[in-house]
Amino acid sequence: MQQPQALRLSEITIANLRSIQRQTFPLSSITALIGYNNAGKTNILMGIRWLLSPFSLDISYFDDTNVPVEVEGVFDGVSDAVLTRLGEEKAAQIKPFLLNGRIRIKKVQRVPGEPAENIEIRVFVPPNLRNGAYAKKDWVRATEDFKHAFKRMFPEPIAIWDFEGNRAFTKLLHEIFKPLERRFGGEINDLLLKFNDLLNPNSENRAEEIQSFDRDVNDKLKPLFPSVKVELDVPVPTLETFLQGASLKVIDEDDGFERDINRMGAGSQRAIQMALVRYLAEIKKHHNNHYLNRTLLLIDSPELYLHPQAVELVRVALKNLSNEGYQVVYATHSAQMITSEDVSTSLLIRKNKERGTYMRKRMEDAVRQVVQDAPSQLQMLFSLSNSNELLFADYVLLTEGKTEWRVLPALFERITGQSFALIKCALVRQGGVSNTRKSMQVLSAMDMPTRAIVDLDYAFTTATRDGFLDNDDPDLKYCRDLFRELAFHHHLRLVNGIPVNKHSNISASKAYAMMAAMPEAERAIKSIHAKLRSQGIWVWTRGAIEEHLGLEAKNEAAWSKFIERSRSQKFTSTLPDYQSVEDLCRWILEGSQES
């Protein structure tokens, strides 16, 4: 039997909230928000939290105080099983607005500091359901009964970030002790009913001490203000209010000294918060209740203050929670918090003066836009996903071989005085040069400027198929004639006019280097280089990078020796083709300036 789709907030649109002018963000069961400091990641978390929580935004949250703050959420997975679990009365509040298991909610605050009870919460009426009381209405104001029913499916989020104080601890403890509430719920309710009977002003069994207090205070008040009287109102406690008074004591095992957790440093507090998250993940294993309700867990920088091994433990815990009733959205600066499995649904958050906070197209959506057989091509593409660096970059440089990947960072820094990190460039090694065009198209669809570095053979084997060069390109034809001349004088095997490795005494890579070294090839190869360069592809004119750098091997020992040599003062004079290497570095810099 196929399981129903899990409940989740699948999309949120935020408008006029701090740096977010108007932007839609798709969300998965676990979503990483990736961006530089001050890109607006926390504003996205706040928008999600505000949509599902009853509080008002002050003036600091309004980008333009003359325009309302609006947050709209699309919620999926509201199945028949969920409605049954809600009960007939609450399900009746939800059904009029439900289409294919989906419901849309919008929250609107028109002025800063508006009382929370006055803030509008609206529900979208699907076009085919606009009849009766909802005829000709796109959105209707949510009733209190609807809000209670909806909150049963999507409770208030648990938010963990710096300014939350100990509220995050309280909410985590409440989640952890829910089994206690279920186990002793009957006994707790009996006790609470007795408390209510003692405290309620309308109860016949109200405590005499409280009745006496009301009488005596009103006797004292009457001469002062005859037209009013007072009544003591004592809220009936719940398990959550008990937990609000709970605290974690931190004990130093060396000296036995006790401290309240709120007096600990930020690093200690974050470590304990993440320990509670890990514990929650452990006790929630295999509960499978995420089809019936969904709690959002919102975390800003879960990796903060943690060492690398601890970061990995937290990442695994969050992933597990996303499978056990929690939808996890977190902002991060750490590539370690994202695995290749989650790269495609991570959100690249950026900000500029014109657009404010915005999102590059998700990798998953970009692949589907570019490639028809998207499921299999997702595997092809990442290869790129093994390079999480691209998620933290504004510019991608694709490389074909491992030599470029190993030596270019040191080479680029030595020649330009800048690092790839400084120019926000991700150096990504492809799984194969045949992926170049599709990789560039996908990254372009993500609005990610991209350039590629390839060996000379790419021009003859793949560039025509990819549409970067014409099949009858005269320069390619001229070079094929040179290959035939080489084949005549050497034991070189050609297929369709180009060298191959099979049954040949000379490797294909060596054959390309031999052809490129022929004086008569210079003009044609420079022309091929210029044509590809104009399309964002750098082709090595001597065949491969090793020929330009004077590398005699493609192994770790040769690369390490070269990187060490690059630190010497006379390094540039030792390169066989320094000019081409410098031109490449300048070309890479140009790409970063276009991003």
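Some observations on this one:
- Scan of region 427-448 for residues that are open to solvent by 10 Å² or more (accessible area, probe 1.4 Å), over 14 Å from GLU389 (Cβ atoms) and at pLDDT 85 or above, ordered by number: ARG437, MET440, GLN441, SER444, ALA445, ASP447
- THR65 touching an Asp or Glu at 6+ places or on another chain (Cβ under 8 Å) and of a type outside the set (A, V, I, L, M, F, W, C): no
- For beta carbons closer than 7 Å, sequence separation of 6+ or different chains, a first residue in region 504-520 that is over 12 Å from ASP455 (Cα atoms) and outside any helix (DSSP H, G or I) and a second that is at pLDDT below 95 and among the charged types (D, E, K, R), the qualifying pairs are SER504/ARG493.
- Test: residue in region 285-293 that is touching a helix residue (DSSP H, G or I) at 6+ places or on another chain (Cβ under 6 Å) and crowded, with 18+ Cβ neighbours inside 10 Å: yes
- Strands (runs of 3 or more DSSP E) fully within region 2-98 that include at least 2 residues being open to solvent by 20 Å² or more (accessible area, probe 1.4 Å): 8-17, 20-26, 69-76.
- One residue from ASP145, ASP138 being of a type in the set (D, E, K, R), touching a helix residue (DSSP H, G or I) at 6+ places or on another chain (Cβ under 6 Å) and open to solvent by 50 Å² or more (accessible area, probe 1.4 Å): ASP145
- The set of residues in region 559-588 that are among the aliphatic types (A, V, I, L, M) and open to solvent by less than 20 Å² (accessible area, probe 1.4 Å) comprises LEU575, VAL581, LEU584, ILE588.
- Close Cβ contacts (under 8 Å, 6 or more residues apart or on different chains) running from residues in region 328-339 that are under 17 Å from ARG350 (Cβ atoms) to residues that are assigned to a strand (DSSP E or B) and not β-branched (Val, Ile, Thr) comprise ALA331/ALA32; ALA331/LEU33; ALA331/ASP300; THR332/ALA32; THR332/LEU33; ILE338/ALA32.
- Residue count, region 346-359 (criterion: in contact with a strand residue (DSSP E or B) (Cβ under 8 Å, 6 or more places away or on another chain), open to solvent by 20 Å² or more (accessible area, probe 1.4 Å) and outside any strand (DSSP E or B)): 1
- Unique residue being hydrophobic (A, V, I, L, M, F, W, C), under 21 Å from LYS41 (Cβ atoms), open to solvent by 50 Å² or more (accessible area, probe 1.4 Å) and at pLDDT 85 or above when the list is LEU313, LEU304, LEU318: LEU304
- Selection within region 40-85 - of a type in the set (A, V, I, L, M, F, W, C) and under 14 Å from PRO112 (Cβ atoms): TRP50, PHE55, LEU57, ILE59, PHE62, VAL67, VAL69
- Selection status of PHE483, closer than 25 Å to LYS402 by Cβ and surrounded by 19 or more Cβ atoms within 10 Å (Cβ to Cβ): no
The values are calculated or read from the model by the stated rules, or taken from the named source; none is laboratory data. For clarity, every value in this text was computed on a predicted model and none was experimentally measured. No Cβ is skipped: glycine too gets one built from the backbone with ideal geometry, and neighbour counts run over all protein chains shown. To get the accessible areas, we keep the full protein, side chains included, count just its heavy atoms, and leave off ligands, DNA and RNA. Shrake-Rupley method; radii C 1.70, N 1.55, O 1.52, S 1.80 Å.
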